[in-house]
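Worksheet: one structure, shown below.
The values are calculated or read from the model by the stated rules, or taken from the named source; none is laboratory data. Given the structure is predicted, the values throughout are model-derived calculations rather than measurements. Quick reminder, even Gly has a Cβ in these numbers, built from the backbone with ideal geometry, and neighbours come from all protein chains shown.
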Amino acid sequence: MEPLGFLDITAALAGRFWPVWIALAATFALSILYKRRLGLYGKLFDSPVGMTGFGIVMFWVFTALFANLIATHDPLTQISGMKNVLPGTPVRGAAEGAYGHYLLGGDNLARDVFSRMVMGARSVLSIAPAATAFAFMVGITLGLPAGYFGGKLDTGLSFVANLVLAFPVILLFYLLVTPEIQLAGPLVTMPWSTEGWRASIPNIMAAVLFVFPIIFFSILWNSRYFTSPARRNLYVGITLLFGLWVYAGLAFDADPTGIWSMDPNLLNVFVSVVFVNAPTVFRIIRGLVMDIKSRDYVAAGMTRGEGPWYIMLWEILPNARGPLIVDFCLRIGYTTILLGTLGFFGLGVAPESPDWGSTINQGRRLLSQFPHPAIVPALALMSLVLGLNLLADGLREESLKD
Amino acid sequence: MIRFLTKRLVTLILSALCITFAVFFLTTLPPNLEKLAKSEVGTRITDAEVASWLEKNGYDGPILARYGEWLGVVPGWTYTDENGTTRGRCIDAGMPADEAPRFCGVLQGDWGFSKVFREEVSNVISTRLGLTGWLMLCVMLVMVPSALLIGILAGMREGSRLDRSLSTFSIATTATPEYVSGVLFITIFASSVTGLKWFKGIATSAADDITFENFTLPVLTIALYGIGYIARMTRASMAEVMTAQYIRTARLKGVSFRNVVIRHALRNALIAPFTVIMLQFPWLLNGVVIVETLFNYKGFGWTLVQAAGNNDIELLLGCSVVAVVVVLITQLISDVGYAYLNPRIRIS
């Protein structure tokens, strides 16, 4: 087979992404059709910037979802003779039915750059939004009372938050995301397993940080349905049951059904990223609460006899949603950059992992001769973060209009 | 003002103590110490030998005491072996035990010995910090004026075409972390692929002799990421000032647009970016570590990576102290500077 030219490669790439194009077209068609009924999300389609950002983000989301259909080769398979080959090189001795070209070339271990990039989207998009969501839960649960009650609680929490923020991020990563740290700490025997649970720092941090979503939702339902105990018990009960099940699996690796569990390396990375992000979210929430606290509707709520947690979660929080949604988008982008940084320094992830940061790290050694293995994931990462930033910008513009 | 300053200083010292303790705790975790013992004695030693090595070298005390020794507020450890020779933290080789000082820690200027560089930690850090200083200086010289200019031009007339294009540019730069822009720059300007080869993709030689050729790419890479952020802050601040009453009054009085911007708006619009620029330092540190690794420029960031990668505990502690102190001091300057620049805070 002949090597492909530039136009052929572009055409072939566009063709490979067919499930993404269909899904994108469907999303946009439906959203634009019903945009007047969809609130802030619908308004996004009035702003060209927001729409572009949303398009780019959804492109990567769908790529991550359909990665199996899009990838041309297995991201870990090495094919001999394909080391550092240029984009569009035909695969030597390709088997019947297998894809015949390395569309974006091969890396220094003769793996397909394109497939690794596509699979990398999946690994990035499965961690970044989840880690951001956890950071928000922690930040909201601590930031609301700190801003609302003030006083000693606020001073203490703010001091701790500032401590974490004064820590240089890279140093923190180098200290927290190492294989040694997973082995440090006494083994605690747990009734449910023979191996026991190691009280290492990432495990302890996971045990502390992963409680916050359960606390958040329990307080949320409890304060809302305090007056009708039957419903309150139902909602809080479901939250606790489901939350503790997931919690046991993720933080203690003790899920009896085995659905929820996390690889120790991944847990380490996840916890560190949440830990780095949570203080900033805390500060944002605290500032917003201190601002909104003095509004008339909060005073009205107090005179009606609403409890402090009801006011915080059901009066203040919904009114702070605009800046929070915007920050959430920006923060997913920032988390993506942080994950890339971790990969760039080879911290925490498996060496074979196709995630973008570590691929850039592997590709940079031969940058001046064979730049394509590093350029492809670099552009992918950049476009995803750019999409998130544009989306945040569009959302900010539209949420300021009302 | 004095009360404000003392309060900030107390918080600063308290934070520095907490953070250095956290770093000390994390760097001297048992597995790290075990690795250190094995690299000093031999990889095949037994657990008992590891324990005895740790005991002989003062690593077996309680963590707070060891932190105190390292800081220089607790007398250094001593160990007398079976031959009667006494060794200790503060006792240099060949020095009689009773002549040695009792305290020797960071506060006394004794930063320890780096096992990777085979040199005093204080020497390593001061040389490397000097190199990074040049990098930072160039970055600041490029980043701050261009970011302020972009921000002011964009915020001057909000919503204009100039504003739109400059804002898009700033968003694009904030979406490009250093490891992405560095890779792109090297590929475009320094690789055989495009054939431009205007600059060098490796900045190792800049340690001896900084030239336009070997220093441009590292400086641009760090500056680019910061430019977008500072420019956006400046733009927001500028746009807010431009809608203020006194600007409209000045315009109605017939002052030209140029004069309004330069003489009335600028001074107030630059207060907010000042804090942002100062708070940018911690992030610059990140950029420095990435860029120095990518371009192999052997400055402070590169040293930090070497120390962390090779389990060089004393050097890593030294680097952390420097990093943390830099971050805390810039925070202090930003707070004090903000209070000083903003008349509403200064007078109350």
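Provide a single number: the residues in region A:293-309 that are farther than 27 Å from A:Arg396 by Cα and in a helix (DSSP H, G or I).
The qualifying residues number 7.
Of all residues in region A:1-59, those being crowded, with 17+ Cβ neighbours inside 10 Å and not in a helix (DSSP H, G or I) number 3.
Quick one: is A:Gly348 under 30 Å from A:Ile285 (Cβ atoms) and within 12 Å of chain B (Cβ to nearest Cβ)?
On the way: under 30 Å from A:Ile285 (Cβ atoms): yes; within 12 Å of chain B (Cβ to nearest Cβ): no.
So A:Gly348 fails the test.
Considering each residue of region B:243-260 in turn, none proves to be within 14 Å of another protein chain (Cβ to nearest Cβ) and hydrophobic (A, V, I, L, M, F, W, C). A:Pro354 passes every criterion in (1) crowded, with 24+ Cβ neighbours inside 10 Å; (2) in a helix (DSSP H, G or I) apart from (2).
With the structure loaded, tell me whether A:Asp327 is crowded, with 21+ Cβ neighbours inside 10 Å and acidic (Asp, Glu) or whether it fails that test. Considered against the rule, which asks whether it is crowded, with 21+ Cβ neighbours inside 10 Å and acidic (Asp, Glu), A:Asp327 comes out as yes.
One residue alone among B:Thr85, B:Thr78 is touching a strand residue (DSSP E or B) at 6+ places or on another chain (Cβ under 7 Å) and outside the structural domain of B:Ala307 (by TED's automatic domain parsing), and that residue is B:Thr78. Residues in region A:3-43 that are on the phi < 0 side of the Ramachandran plot and among the small types (Gly, Ala, Ser): A:Gly5, A:Ala11, A:Ala12, A:Ala14, A:Gly15, A:Ala23, A:Ala25, A:Ala26, A:Ala29, A:Ser31, A:Gly42. Filtering region A:133-160 to residues that are among the hydroxyl-bearing types (Ser, Thr, Tyr) and within 17 Å of A:Ala320 (Cβ to Cβ) leaves A:Thr141, A:Tyr148. Of the helices (runs of 4 or more DSSP H) entirely within region B:26-101, those holding at least 1 residues that are crowded, with 18+ Cβ neighbours inside 10 Å, away from chain A (no Cβ under 14 Å) and touching a residue at least 40 places away in the same chain (Cβ under 8 Å) occupy B:63-71.
Quickly run through region A:60-78 and pick out the residues that are farther than 11 Å from A:Leu384 by Cα and either in contact with a Leu (Cβ under 8 Å, 6 or more places away or on another chain) or part of a helix (DSSP H, G or I) (or both).
To start, the set of residues in region A:60-78 that are farther than 11 Å from A:Leu384 by Cα comprises A:62-78.
Correct list: A:Phe62, A:Thr63, A:Ala64, A:Leu65, A:Ala67, A:Asn68, A:Leu69, A:Ile70, A:Thr72, A:Gln78.
When B:Ile262, B:Ile313, B:Ile290 are checked against the criterion of being at pLDDT below 90, among the β-branched types (Val, Ile, Thr) and touching a helix residue (DSSP H, G or I) at 6+ places or on another chain (Cβ under 7 Å), B:Ile313 stands alone in meeting it.
Scoring B:Asn311 on the criteria (1) in contact (Cβ under 8 Å) with a residue 24 or more places away in the chain; (2) away from chain A (no Cβ under 11 Å) leaves a single failure, condition (2). For B:Thr293, which of the numbered conditions (1) under 25 Å from B:Phe21 (Cα atoms); (2) facing another protein chain (nearest Cβ under 8 Å) fails to hold? It fails just one condition, (1). For the residues A:Ala121, A:Ala128, A:Ala135, A:Ala146, the requirement of being out of contact with any Leu (no Cβ under 8 Å at 6 or more places or on another chain), outside any loop (DSSP other than H, G, I, E, B), crowded, with 22+ Cβ neighbours inside 10 Å and hydrophobic (A, V, I, L, M, F, W, C) singles out A:Ala135. Considering only residues that are in contact with a Pro (Cβ under 9 Å, 6 or more places away or on another chain) and within 7 Å of chain B (Cβ to nearest Cβ), look in region A:379-398 and name the one that is surrounded by the fewest Cβ atoms within 10 Å (Cβ to Cβ). Ranking the qualifying residues of region A:379-398, first place goes to A:Met382.
Here are B:Ala231, B:Ala250: which of them is assigned to a helix (DSSP H, G or I), of a type outside the set (S, T, N, Q) and touching a Lys or Arg at 6+ places or on another chain (Cβ under 9 Å)?
Working: B:Ala231 fails: touching a Lys or Arg at 6+ places or on another chain (Cβ under 9 Å).
Answer to the check: B:Ala250.
Scanning region B:1-15 for residues that are within 10 Å of chain A (Cβ to nearest Cβ) and out of contact with any Leu (no Cβ under 6 Å at 6 or more places or on another chain) gives B:Thr11, B:Leu14.
Among the residues of region A:363-382, the ones that are in contact (Cβ under 8 Å) with a residue 24 or more places away in the chain and in a helix (DSSP H, G or I) come to 9 in all.
Return the total of residues in region B:221-235 being among the polar types (S, T, N, Q) and within 20 Å of B:Phe295 (Cα to Cα).
Pass one, region B:221-235, residues among the polar types (S, T, N, Q): B:221, B:234.
From what's left, within 20 Å of B:Phe295 (Cα to Cα): B:221.
The qualifying residues number 1.
Residues in region B:179-194 that are free of Cβ contacts under 8 Å to residues at least 40 places away in the same chain and more than 7 Å from every other protein chain (Cβ to nearest Cβ): B:Phe185, B:Ile188, B:Phe189, B:Thr194. Number of residues in region B:109-119 that are outside any loop (DSSP other than H, G, I, E, B) and either under 17 Å from the mean Cα position of the chain (by Cα) or surrounded by fewer than 18 Cβ atoms within 10 Å (Cβ to Cβ) (or both) equals 2. If we scan region A:111-128, do we find a residue that is more than 19 Å from the chain's Cα centre (by Cα), hydrophobic (A, V, I, L, M, F, W, C) and modelled with pLDDT of 85 or more? Looking through region A:111-128, at least one residue is more than 19 Å from the chain's Cα centre (by Cα), hydrophobic (A, V, I, L, M, F, W, C) and modelled with pLDDT of 85 or more. In region B:152-168, of all residues being in contact (Cβ under 8 Å) with a residue 60 or more places away in the chain and part of a helix (DSSP H, G or I), the one that is nearest to the other protein chains (Cβ to nearest Cβ) corresponds to B:Ser167.
From A:Leu317, A:Leu339, A:Leu330, which residue is more than 14 Å from chain B (Cβ to nearest Cβ) and part of a helix (DSSP H, G or I)?
Working: A:Leu339 fails: more than 14 Å from chain B (Cβ to nearest Cβ); A:Leu330 fails: more than 14 Å from chain B (Cβ to nearest Cβ).
Going through A:Leu317, A:Leu339, A:Leu330 in turn, just one is more than 14 Å from chain B (Cβ to nearest Cβ) and part of a helix (DSSP H, G or I): A:Leu317.
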